[in-house]
Every structure is written in C-alpha cells, then in structure tokens.
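Student: Sharing a structure, written as structure tokens. Questions coming.
The values are calculated or read from the model by the stated rules, or taken from the named source; none is laboratory data. Just so you know, these numbers come straight off a predicted model, no measurement behind them. Virtual Cβ from ideal backbone geometry, glycine too; neighbours counted across all protein chains shown. To get the accessible areas, we keep the full protein, side chains included, count just its heavy atoms, and leave off ligands, DNA and RNA. Shrake-Rupley method; radii C 1.70, N 1.55, O 1.52, S 1.80 Å.
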Amino acid sequence: MNPVLVVHGGAWAMPDDMVEAHINGVRNAIAAGWKVLERGGSVLDAVEASVVIMEDDETFDAGRGSFLNRDGKVQLDALIMDGATLRAGGVGCVERLPNPVRAARKILSESPHVYFVGEGAERFAAEHGCELCRNEDLIIPREVEHLRRYQQELGQREKAQSDSAPDGNNLFAPAVSHDTVGAVALDRNGNIAAATSTGGTLNKAPGRLGDSSLIGCGCYANNESAAVSTTGWGEPIMKLVLAKWTADRVAAGNLPEWAAQEAMNYLKQRVNGHGGIIVLDAQGQFGIAHNTPRMAWGLKTVKTEEAGVERNTI
Ligand code: GLY
C-alpha cells in the first residue's frame, strides 16, 4: 500500500492572524508522521509522532499551551487506537504529562488495560519511561489571560441573566477555540490507526472529560471500517459517539469523504454541535470536513502534500 497521513489541529472561527501558525503546525506534524511512514514504520508510530509535534506546539489546545480549567490548571486527555488489532490506549484528566499521547501509546502496547485517568495514569506513564512535568510547566501566559477574560465575561453575563439558567450552548459558541489535535494514517502494510489529544474546553470543571480520549467518540480505528479523529465541542460529539458513527458509514460502503460531511451534518442537526473530522479507510481514501468557519488540516500521500484552514465547509 502507498501510505497516507491526514492531521487536524482544531475547528473553530480561527482569526486571520492565527492561520499561519496553525498551518505551520499541521505541516510540521505531517513531516514527522511521514518520516515514519516513508521508512516503512508502523502506523501507530506515525500517528503518535504527528500528535507529539502538535502537543509540543503551543498554538494548539494539546500539551503545553492548552486551555486552563476553572481552577487554572491544565488537564489533558488523549487516545490512540490500532485498526489492525483494535487495541487502544487512553488517558484522561492528566496534569503532569507534556505528551499524553505517548502515555496512551504505552497503555496500548504494554498494559492489559485500555484506559487510565489522573494520578494512576501519570504513575503508569512514569513507570513506563514517559517524562513527567509540573502542571505549571504546561501553563503559558496567553492561556492565563484567556481564562481571566473568559471568567470575567462569564461573570458579567451571569449577572445580566441572573433570573435565567446559564445556556451551555452559548458558552461554547464556535468562536471559542477548539484546537484539539489528531492524526489518522495508513502504512505500507495496509493498517490504519488514529490518535487524538486535547486540553479540552476553556474553563471546564475539574475532572471533566471530553470526547477526544473516548473510544468511538473523538477517536476510532478499525481496518474493516476507518480511522477517525474529531475536534470540536466534546459534549455533543460524545452524545453521538461520532467517530464510530462515521466509521460505520464507511463500513457500509460509503466513501470517507461523504461520511465526513454527513457526520458534520448530523452533529449540527441532531445536537447543534460544531467541530471537525478526518476519516481514512484502509484503501487510502480519506475525508476532511468541518461545520465551523475554519479547521486546520494537513494531508500527505505519495502524490501530494497539502495544508489549509478550510475544507468541505457545510
Ligand atoms: N474536543 C475536545 C473536548 O471537548 O474536550
């Protein structure tokens, strides 16, 4: 098989002055993953390498530079899944891992379990050679200011609407960044895999887990259907188990391109959700779609390399 790699880096109303950083970020992620694929490396190594690059890039809501939760801390979630064996590794609500996807990979490869959260996840990661850091090391001034402004605006809005219940939809309008990152790939052996990593939503309650690290919600891979990674507002995506929903459409004989767009229609129409998705099948056919104004994406095949912030917008 000829390898294929597709990555995303967030779906939202990205302003013009952030476009270049996002495109550079997804291009760097493509370069890292492709290096693995072109030397005949495994698809899991490729998606992990791509996601690590974006976790290390402060542009994105993953790893260092992620959104802060209500307490001013970074809490990260990640999942990686192997389409050949259906093995998966996930971490949730980790606070001391600069690269949660590396810990997720260790769980996939070296644990009988699939999912670790919080301190247990960090302990497992450290015991298996992953680097730990302080939570402060993951926090950047941009995000401290971002949280301060958000909480101030929220306080003012709640005061103005003190007689009515807060509207969760308004709190996460598409204008608010969702820079969750992800990658899907096909290797020379015909195997596909997916990985997704996130800092979740701005001002989230401590302990809140989004879609990204849940199998079938923010990430899924099965050689018999598709590899899928989503980005966007996690709660609606979780309710639809959207990654598995999309992979099932591919298994039913639909093209990944169609399935990706249908998933975005379904997300909007069924639960008023917003976000983006990348889909890849074991024949190398892919789809990229979003129902937000922009989504950072990149792709590489043996014939082409592209990156952008708009694709199949609905
Ligand atoms: N999609 C990321 C999150 O909602 O946590």
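Student: What pairs can you find where one residue is in the range 140-162 and more than 17 Å from Val74 (Cβ to Cβ), the other is modelled with pLDDT under 90, and their Cβ atoms are less than 7 Å apart, with a gap of 6+ or different chains?
Tutor: Glu158/Pro166
Student: With the structure loaded, tell me whether Ala103 is closer than 16 Å to Val52 by Cα and at pLDDT 95 or above or whether it fails that test. Even if it seems obvious, please write down each step before you answer.
Tutor: Numbers: closer than 16 Å to Val52 by Cα: yes; at pLDDT 95 or above: yes.
In short, yes.
Student: For the subset of the range 252-266 comprising residues that are surrounded by 24 or more Cβ atoms within 10 Å (Cβ to Cβ) and within 13 Å of Gln285 (Cβ to Cβ), which member is nearest to the ligand (Cβ to nearest atom)? Please lay out each step first, then the result.
Tutor: Residues of the range 252-266 that are surrounded by 24 or more Cβ atoms within 10 Å (Cβ to Cβ), as a first pass: 256, 259-260, 263-264.
Still in the list and also within 13 Å of Gln285 (Cβ to Cβ): 256, 259-260.
Values: Pro256: 20, Ala259: 19, Ala260: 16 Å.
Step by step, filter the range 252-266, then rank; the result is Ala260.
Student: State all residues of the range 270-287 that are within 16 Å of the ligand (Cβ to nearest atom) and open to solvent by 10 Å² or more (accessible area, probe 1.4 Å); if no residue qualifies, say none.
Tutor: Once the filter is applied, which keeps residues that are within 16 Å of the ligand (Cβ to nearest atom) and open to solvent by 10 Å² or more (accessible area, probe 1.4 Å), the range 270-287 yields Val271, Asn272, His274.
Student: Look through the range 230-251, keep the residues that are open to solvent by less than 40 Å² (accessible area, probe 1.4 Å) and within 10 Å of the ligand (Cβ to nearest atom), and return whichever of them is nearest to Asn272 (Cα to Cα).
Tutor: Narrowing the range 230-251 to residues open to solvent by less than 40 Å² (accessible area, probe 1.4 Å): 230-234, 236-237, 240, 242-243, 246-247, 250.
If we keep only those that are within 10 Å of the ligand (Cβ to nearest atom) too, we end up with 230-234, 236-237.
Values: Thr230: 16, Thr231: 15, Gly232: 12, Trp233: 10, Gly234: 12, Pro236: 7, Ile237: 10 Å.
Top of the filtered list is Pro236.
Student: Looking at this structure, is Leu214 open to solvent by less than 10 Å² (accessible area, probe 1.4 Å) and closer than 21 Å to Ser197 by Cα? Lay out the reasoning, then the answer.
Tutor: On the way: open to solvent by less than 10 Å² (accessible area, probe 1.4 Å): no; closer than 21 Å to Ser197 by Cα: yes.
Spelling it out, it is not the case that Leu214 is open to solvent by less than 10 Å² (accessible area, probe 1.4 Å) and closer than 21 Å to Ser197 by Cα.
Student: I would also like to ask the following. State which residue pairs qualify: first residue closer than 13 Å to Trp34 by Cβ and inside the range 297-311, second residue of a type in the set (S, T, N, Q) in any location, beta carbons under 8 Å apart, and separation of 6 or more residues or different chains.
Tutor: Between residues of the range 297-311 that are closer than 13 Å to Trp34 by Cβ and residues that are of a type in the set (S, T, N, Q), the close pairs are Thr301/Asn2; Val302/Asn2.
Student: Please enumerate the residues belonging to the range 68-93 that are over 16 Å from Cys219 (Cβ atoms) and open to solvent by less than 10 Å² (accessible area, probe 1.4 Å).
Tutor: Filtering the range 68-93 for residues over 16 Å from Cys219 (Cβ atoms) gives 68-75, 93.
Residues satisfying the conditions are Leu68, Asn69, Val74.
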